[in-house]
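Notes follow once the structure below has been shown.
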Amino acid sequence: MEALALDVEKVGADVPIFSKLFNGKTLAYLDNAATSQKPKQVIEALTDFYEGYNSNIHRGVYEISERATEEYERTREAVRGFIGAGSTEEIVFTRNATESINLVARTWGESNVREGDRVLISVLEHHSNLVPWQVLCQAKHAKLEYIGIKGDGTLDMDDFKEKAGGARLLAVTQASNVLGTIVPVKEMARIARREGCTVLVDGAQSAPHMKVDVNDMGCDFFALSSHKMLGPTGVGVLYGRKDILEAMPPFNLGGDMISEVHSCSASWNELPWKFEAGTSNVADVIAFYHAISYLERMSMESVREHEMRITDYAMDRLREFGGLHLYGPADLSKRAGIIAFTMDDAHPHDIAAVLDREAVAIRSGYHCAQPLHESLSLGGTARASFYLYNTEAEVDRLVAALGKVREVLGR
Amino acid sequence: MSDEVYKEIILDHYKNPHNFRQLAEPSFKADDSNPLCGDHIELSVKVADGRVSEVGFIGKGCAISQAAASILTDLIQGKTLDELKGMEKEQLLEAMGNPDLGPVRIKCALLSLKTLKLGLYPYMSARGPTP
């Protein structure tokens, strides 16, 4: 498929919510690190399924069930290609990236992390790649260690190299949902695996925004969420290297994940279905295919380029505005399209509330990364985060609305 | 959220909070925070002859949480302990001009009242029933 040049206006026109009015204004949606808006191709796929071939998968031998099964598995193949995995056996559907990480903690972690082991994460982690390891380490009497960051918001690689030796697991995000920091996961995976350490990469903030190749990256596990990349909520992906997934016990138990069940024993289904117990989120998985196709038509390289351009413009405009503190790497090649900031005159909650009156949607608070905020001595931040449909005009609206914040709340 | 949130009364109290101090010898004090957004309030109350004689608060956080705390300190002056105990959230919201708060920010508004009760209950039970 030949990639189309990214035409922001055209993308915007594909997303129905952008034609609605809020307080009489169109929506300047700058909370893409929380979730993305959906193009009509994805929304229509949901309606088409429920109206045209709603049925359960992997069971029925009638036409619509076979069609649903084919399309469900077609998404798996699309995900495989999208992240560069070798086989669809390595692609497991979950509810979200959080569940993908919990699956690893509760199955692989349960059988592989032992007393005295060290589990290595970074101070950048979202709670979803932190709490599962905290709880696992408490239960196993293992040690949870944090890789620090440097003053410019990038990961402290010297600290990592010191701690990597002998660690059982490295679980690290590829892009921070607060500072936007892009973490050099490929280099880290190379070092970690040389030390015999298993590597999990949280791709919730990277897979939607840049080209990902799990084979090239050299990780053992990779997690992502559909809803952050134009797809529906309720679908996540866990990529796992085949030999590791094969050795892992199942996660949830029940229908579809079994091969044979007798009154006193059961055997497990083949990969990847061993990890997909019960009726899956069929409709949303099928619709997720259309999100991946949409992104691939644009090409992830042009999505990334567009976001770098918007982020560059936004950083300049926010610096010009004055009185703001911007966090995260200044070097755009080390930064995703996320800008966390604070304002001297106003609390992040108040900023977001006043911006809302201007139909500018941003996030405020800890963004599920409280340890990171604590390490920076911040009581919360305001955060603008961009995607392929955002425009410079929306950045201008953000800056104008910040002027209103200062007008209303300035002391 | 409508324009009705940042009412004059809220902005006035936010910009110039009343009773913004910690009492030296309070009868009771308490502090609490809203973990989701980091709002924090410390409230200290002095009781004389069964009534609130002096109130102070310090804190940091959003305009709603800080203004609500300031308004609460005015509201409870001179009240009896039973009146404090029976105080409902509607009384505080009314004193704030009934801003149109959503489900998230109502917690910011009610943090100070929650903090008051947190300090009040142990103080009342230690004191025993009112004569």
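The values are calculated or read from the model by the stated rules, or taken from the named source; none is laboratory data. Treat the numbers as computed from the prediction; the structure is a model and nothing was measured. So basically every Cβ, Gly included, is an ideal-geometry build from the backbone, and we count neighbours across all protein chains shown. Protein only, heavy atoms only, side chains kept; ligands, DNA and RNA dropped before computing areas. Shrake-Rupley method; radii C 1.70, N 1.55, O 1.52, S 1.80 Å.
Kindly evaluate A:Thr381 against the criterion of being within 11 Å of chain B (Cβ to nearest Cβ), in contact (Cβ under 8 Å) with a residue 24 or more places away in the chain and under 30 Å from A:Glu145 (Cα atoms).
yes
Please go through the range A:251-287 and give me each residue that is open to solvent by less than 20 Å² (accessible area, probe 1.4 Å) and either under 28 Å from A:Cys219 (Cα atoms) or in a loop (DSSP other than H, G, I, E, B) (or both), ordered by number.
Within the range A:251-287, A:Met257, A:Leu271, A:Pro272, A:Lys274, A:Phe275, A:Glu276, A:Val282, A:Val285, A:Ile286, A:Ala287 meet the criteria.
Residues B:Leu43, B:Leu11, B:Leu93, B:Leu111: which one is in a helix (DSSP H, G or I), away from every other protein chain (no Cβ under 14 Å), touching a helix residue (DSSP H, G or I) at 6+ places or on another chain (Cβ under 8 Å) and not charged (D, E, K, R)?
That would be B:Leu93, the only listed residue that is in a helix (DSSP H, G or I), away from every other protein chain (no Cβ under 14 Å), touching a helix residue (DSSP H, G or I) at 6+ places or on another chain (Cβ under 8 Å) and not charged (D, E, K, R).
Given the conditions (1) exposed (fewer than 15 other Cβ atoms within 10 Å of the Cβ); (2) assigned to a helix (DSSP H, G or I); (3) among the small types (Gly, Ala, Ser), and given that A:Gly86 satisfies all but one, which numbered condition is not satisfied?
With respect to (1) exposed (fewer than 15 other Cβ atoms within 10 Å of the Cβ); (2) assigned to a helix (DSSP H, G or I); (3) among the small types (Gly, Ala, Ser), A:Gly86 is out only on (2).
Can you name every residue in the range B:82-98 that is aliphatic (A, V, I, L, M) and open to solvent by 10 Å² or more (accessible area, probe 1.4 Å)?
The answer is B:Leu93, B:Ala95.
If I ask for residues that are in contact (Cβ under 8 Å) with a residue 24 or more places away in the chain and of a type in the set (Val, Ile, Thr), which ones from the range A:6-32 would you list?
If the condition is that a residue be in contact (Cβ under 8 Å) with a residue 24 or more places away in the chain and of a type in the set (Val, Ile, Thr), then A:Val8, A:Val11, A:Val15, A:Thr26 are the ones that fit.
If you go through the range A:338-353 one residue at a time, how many are within 8 Å of another protein chain (Cβ to nearest Cβ), within 15 Å of A:Asp31 (Cα to Cα) and among the hydrophobic types (A, V, I, L, M, F, W, C)? Break it down into steps so the answer makes sense when it comes.
Step one: of the range A:338-353, the residues within 8 Å of another protein chain (Cβ to nearest Cβ) are A:346-350, A:353.
Applying the additional criterion that residues be within 15 Å of A:Asp31 (Cα to Cα) yields A:348-349, A:353.
Filter again for among the hydrophobic types (A, V, I, L, M, F, W, C), leaving A:353.
The total comes to 1.
Just to be sure I understand, how many residues within the range B:22-40 are assigned to a loop (DSSP other than H, G, I, E, B) and out of contact with any Pro (no Cβ under 9 Å at 6 or more places or on another chain)?
Result for the range B:22-40: 8.
So A:Leu388 fits all but one of (1) modelled with pLDDT of 95 or more; (2) at negative phi; (3) touching a strand residue (DSSP E or B) at 6+ places or on another chain (Cβ under 7 Å); what number is the exception?
Here A:Leu388 clears every test but (3).
Can you confirm whether the range A:361-373 contains a residue that is open to solvent by 10 Å² or more (accessible area, probe 1.4 Å), touching a residue at least 40 places away in the same chain (Cβ under 8 Å), among the small types (Gly, Ala, Ser) and facing chain B (nearest Cβ under 10 Å)?
Scanning the range A:361-373 turns up no residue that is open to solvent by 10 Å² or more (accessible area, probe 1.4 Å), touching a residue at least 40 places away in the same chain (Cβ under 8 Å), among the small types (Gly, Ala, Ser) and facing chain B (nearest Cβ under 10 Å).
Here are some conditions: (1) part of a loop (DSSP other than H, G, I, E, B); (2) buried (at least 19 other Cβ atoms within 10 Å of the Cβ); (3) aliphatic (A, V, I, L, M); (4) away from chain A (no Cβ under 14 Å). B:Leu101 meets all but one. Which one does it not meet?
Among (1) part of a loop (DSSP other than H, G, I, E, B); (2) buried (at least 19 other Cβ atoms within 10 Å of the Cβ); (3) aliphatic (A, V, I, L, M); (4) away from chain A (no Cβ under 14 Å), B:Leu101 violates only (4).
Restricting attention to the range B:56-73, does a residue exist that is part of a loop (DSSP other than H, G, I, E, B) and within 23 Å of A:Asp344 (Cα to Cα)?
Among the residues of the range B:56-73, at least one is part of a loop (DSSP other than H, G, I, E, B) and within 23 Å of A:Asp344 (Cα to Cα), which makes the answer yes.
Strands (runs of 3 or more DSSP E) wholly in the range A:111-194 with at least 3 residues that are in contact with a Phe, Trp or Tyr (Cβ under 9 Å, 6 or more places away or on another chain) and open to solvent by 20 Å² or more (accessible area, probe 1.4 Å) - which ones?
On the way: elements: A:118-122, A:143-147, A:169-173.
Hits in the range A:111-194: none.
Residue by residue, here is whether (1) in a helix (DSSP H, G or I); (2) modelled with pLDDT under 95; (3) of a type in the set (Lys, Arg) holds:
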residue: A:Gln41; (1), (2), (3): yes, no, no
residue: A:Glu44; (1), (2), (3): yes, no, no
residue: A:Thr47; (1), (2), (3): yes, no, no
residue: A:Arg59; (1), (2), (3): no, yes, yes
residue: A:Arg67; (1), (2), (3): yes, no, yes
residue: A:Glu73; (1), (2), (3): yes, no, no
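Quick check on the range A:57-83: of everything there that is touching a strand residue (DSSP E or B) at 6+ places or on another chain (Cβ under 9 Å) and without any contact (Cβ under 8 Å) to a residue 24 or more places away in the chain, which residue is least open to solvent (accessible area, probe 1.4 Å)?
A:Arg80
Can we say A:Met257 is farther than 21 Å from A:Met210 by Cβ, assigned by TED's automatic domain parsing to the domain that holds A:Ile286, modelled with pLDDT under 95 and not hydroxyl-bearing (Ser, Thr, Tyr)?
Judged against the criteria, A:Met257 is a match.
State whether the residues of the range A:222-231 include one that is surrounded by fewer than 24 Cβ atoms within 10 Å (Cβ to Cβ), on the phi < 0 side of the Ramachandran plot and outside any helix (DSSP H, G or I).
no
Out of all the residues in the range B:49-57, is one or more open to solvent by 40 Å² or more (accessible area, probe 1.4 Å), more than 12 Å from chain A (Cβ to nearest Cβ) and touching a helix residue (DSSP H, G or I) at 6+ places or on another chain (Cβ under 9 Å)?
Quick first cut of the range B:49-57, residues open to solvent by 40 Å² or more (accessible area, probe 1.4 Å) only: B:49, B:51, B:53-54.
Filter once more, keeping what is more than 12 Å from chain A (Cβ to nearest Cβ): B:49, B:51, B:53-54.
Of the ones still in play, those that are also touching a helix residue (DSSP H, G or I) at 6+ places or on another chain (Cβ under 9 Å) are B:51.
Among the residues of the range B:49-57, at least one is open to solvent by 40 Å² or more (accessible area, probe 1.4 Å), more than 12 Å from chain A (Cβ to nearest Cβ) and touching a helix residue (DSSP H, G or I) at 6+ places or on another chain (Cβ under 9 Å), which makes the answer yes.
Listed residues B:Ala30, B:Ala68; which is away from chain A (no Cβ under 14 Å), open to solvent by less than 40 Å² (accessible area, probe 1.4 Å) and either within 25 Å of B:Val104 (Cα to Cα) or without any contact (Cβ under 8 Å) to a residue 12 or more places away in the chain (or both)?
B:Ala30
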